[in-house]
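Student: Sending over a structure as structure tokens; questions will come in a sec.
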Amino acid sequence: MLTQPNKELLASLIDGEVLYHNAPCGYLSFLPNGNIIKVNRTLLLWLGYQEQEIVGHHIHILFSKGGQIHFEMFFQPLIAVNQEVKELSYTILKKDGTPLSTLLSASVLKNNVGETLAINVVITDISYRKSYEDELLRAKKRSEGEKRRLQFLADLIPEIIWTTDETGNIDYVNKRFSQYFNEVSFEAIPSEVLSKVHPEDRRLLIRHHLESIKSLNDLNVEVRLETTTGKYEWHLIKASRFTDEEGFDNKWFGSCTNIDFHVLALKKKDEFINIACHELKTPVTSLKASLQLLDRLKSQPDNKMLPQLIERAGKNATKIHLLIDDLLNVSQMSEGHLQLNKSVVDVYEFISDCTANINQDGYHITIKSKGRLEAQFDSARIEQVVVNFINNAIKYAPESKEIEIHLDIVDDQVKISVQDFGPGIPADKLDFLFQRYYRADNPGTNYTGLGLGLYICSEIIKRHEGKIGVESQIGIGSKFWFTLPLAK
Ligand code: ADP
């Protein structure tokens with residue numbers, strides 16, 4: 001067993017020739033005139049040449065035309081001036097013409113009078129590195145493309161979007177954000193945003209913002225923001241913290257959604273529930289009072305008040321019934337459950353029956369028709385419309401006792417108009433009358449209502465493929481009309 005390595009063994013380990021040929025890099029030497037004089041085995045293996053195919057040839061054999069020009073214009077002058085070059089990137093050609101990405105380093109070998117004898121070149125294969133770099137470049141391009149796509153998406157949606165770094169400084173905003181907040185610089189955004197928040201909501205926003213930065217919990221707050229027209233609208237501001245898989249990049253992603261429509265709709269619904277309760281409460285209270293009195297008088301069947309009390313109770317019960325009907329109709333219609341039972345009907349006779357069923361209380365209703373007309377419709381539903389128009393004429397034009405009903409033919413449709421000669425309706429309110437819950441101010445009248453009657457009428461007429469409308473002039477009167485297809 002050897003305990004000490006002998007000199008021969010040590011010498012063989014550093015055999016220069018063996019190391020030269022088996023080095024993990026390529027070695028090549030060429031004369032000042034460019035002729036290759038020596039090349040190691042590693043480089044021969046990389047390039048696929050036999051030694052005799054390359055030794056004795058000009059070094060240009062390794063380069064493409066462009067590479068040769070570059071070699072002459074850069075490599076040669078540099079080596080002449082500096083006596084060495086370090087890691088110049090060159091693509092050299094293998095025997096089969098395929099490229100090999102390399103780094104060339106070279107130094108000059110001189111004799112003792114300073115003349116250049118040869119140039120020794122060390123060649124490092126960087127094709128792995130190159131493909132890695134290429135892959136990185138491709139990945140960068142892909143991620144830039146992805147970023148552009150996400151920004152396109154962020155610009156497309158109507159929401160305001162932004163991101164901040166972990167300390168809360170804004171580092172991205174979408175187009176909608178810039179438009180809303182006057183395209184100010186990132187630094188100026190916080191004060192610009194605050195200036196647009198309703199003064200009453202500013203403290204709330206700041207408090208929630210600081211709390212979520214501290215607790216790292218989501219931000220969720222509803223505030224009013226000033227719009228370009230100077231009006232405040234409700235917005236929902238949300239922000240969530242984003243952390244990547246490694247736990248880095250603690251960004252905040254935020255959005256701001258206009259929820260004004262929903263907030264107002266909820267408010268309207270609350271108001272409507274209030275009105276509906278109030279509307280129901282009045283006849284219920286009155287009904288209760290009548291019943292209490294009736295209870296007290298039940299042992300006096302001859303008491304004169306009894307018939308009056310019964311009539312009043314009946315009227316109040318009808319009122320409650322009608323209100324509940326309206327509420328049921330609306331929910332049926334908004335769920336699309338309105339069923340129609342159509343039949344061919346003589347319009348004049350039908351309208352006469354409708355008016356006969358109305359308690360006219362001193363009103364004079366005239367029907368003006370141009371001959372016999374037949375249309376196909378659901379009589380119960382259309383009666384609802386006619387009665388509603390007439391009742392409104394009685395309700396909202398109490399001073400004028402004349403009501404006219406006109407039956408005409410317009411564009412293959414029967415047109416039924418109910419004309420009153422009351423105070424009329426302001427022009428700016430006409431467009432809203434058929435909307436759900438809409439009630440115009442009714443000065444001088446004590447009449448309340450749910451603002452549902454005309455909405456229900458318009459839904460019924462729509463389902464009959466007819467039209468509905470109103471013409472009105474202040475001081476002259478109003479004409480509510482609808483059309484129905486003529487019977488074929
Ligand atoms: P409601 O009577 O329960 O308020 P409607 O939908 O029937 O609900 O009517 C909506 C509004 O239209 C009423 O509040 C009233 O201001 C107005 N209106 C309806 N008919 C007339 C009319 N003939 N003359 C004046 N105003 C009317």
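Student: Please list 378-387, 403-412 highest first by mean number of surrounding beta-carbon atoms within 10 Å per residue.
Tutor: 378-387, 403-412
Student: Could you give me D for the stretch 368-488, from Stokes-Einstein at 10 °C and 1.306 mPa s, where the hydrodynamic radius is the Kirkwood radius over C-alpha pairs? Units µm² s⁻¹, please.
Tutor: For these conditions, the coefficient is 108 µm²/s.
Student: So, one more: If the cut-off is a Cα-Cα distance under 20 Å, which aspartates and glutamates reach LYS288, setting aside same-chain residues fewer than 8 apart in sequence?
Tutor: Hits, sequence-local ones excluded: GLU279, GLU311.
Student: Please give the peptides 14-22, 428-436, 37-45 ranked by average Cβ packing (other Cβ atoms within 10 Å per residue), highest first, as a rough proxy for protection. Don't skip to the end; give the middle numbers.
Tutor: Numbers: 14-22: 10.7, 428-436: 14.6, 37-45: 17.7.
Taking the mean over residues of other Cβ atoms within 10 Å, the ranking is 37-45, 428-436, 14-22.
Student: Sorting check: for 244-256, 389-401, which peptide has the highest mean count of neighbouring beta carbons within 10 Å, and how do the rest follow?
Tutor: By packing density, highest mean first, the sequence is 389-401, 244-256.
Student: Give me the angle, in degrees from 0 to 90, between the Cα long axis of helix 127-156 and the longest principal axis of the Cα atoms of the chain, rounded to the nearest 10.
Tutor: Tilt of helix 127-156: around 20 degrees.
Student: Right, here's the next one. Express the accessible area of the stretch 7-125 per residue in Å², computed with a 1.4 Å probe while the remaining protein chains stay in the model.
Tutor: Averaged over the residues of the stretch 7-125, the accessible area is 58 Å².
Student: Follow-up question, since we're still on this one. Given the pairs LYS7/LYS110; LYS268/LYS395; LYS281/LYS342; LYS7/LYS86; LYS95/LYS141, which span a C-alpha to C-alpha distance of over 28 angstrom in this model?
Tutor: Checking Cα-Cα distances, LYS7/LYS110; LYS281/LYS342; LYS7/LYS86; LYS95/LYS141 exceed 28 Å.
Student: Using Cα atoms only, what is the angle between the long axis of helix 260-297 and the major principal axis of the chain, expressed in degrees (0 to 90) to the nearest 10?
Tutor: Once rounded, one gets 30 degrees.
Student: Quantify, in whole percent, the carbon and sulfur part of the accessible surface of the stretch 157-258 (1.4 Å probe; protein heavy atoms only).
Tutor: For the stretch 157-258, the apolar C and S fraction of the accessible surface comes to 53 percent.
Student: Now, a different point. Once the Cα atoms of the chain are picked out, what are the Rg and Dmax in Å?
Tutor: Cα radius of gyration and Dmax of the chain are 46.8, 152 Å respectively.
Student: Using the heavy atoms of the protein chains alone and a 1.4 angstrom probe, what is the accessible area of the stretch 263-334 per residue in square angstrom?
Tutor: Here the per-residue accessible area is 72 Å².
The values are calculated or read from the model by the stated rules, or taken from the named source; none is laboratory data. Note that the structure is a prediction, hence the values are computed from the model and not measured. Note: ideal-geometry Cβ built from the backbone for every residue, glycine included; neighbour counts use all protein chains shown. These area figures cover heavy atoms from the full protein model, side chains too; ligands, DNA and RNA do not enter into them. Shrake-Rupley method; radii C 1.70, N 1.55, O 1.52, S 1.80 Å.
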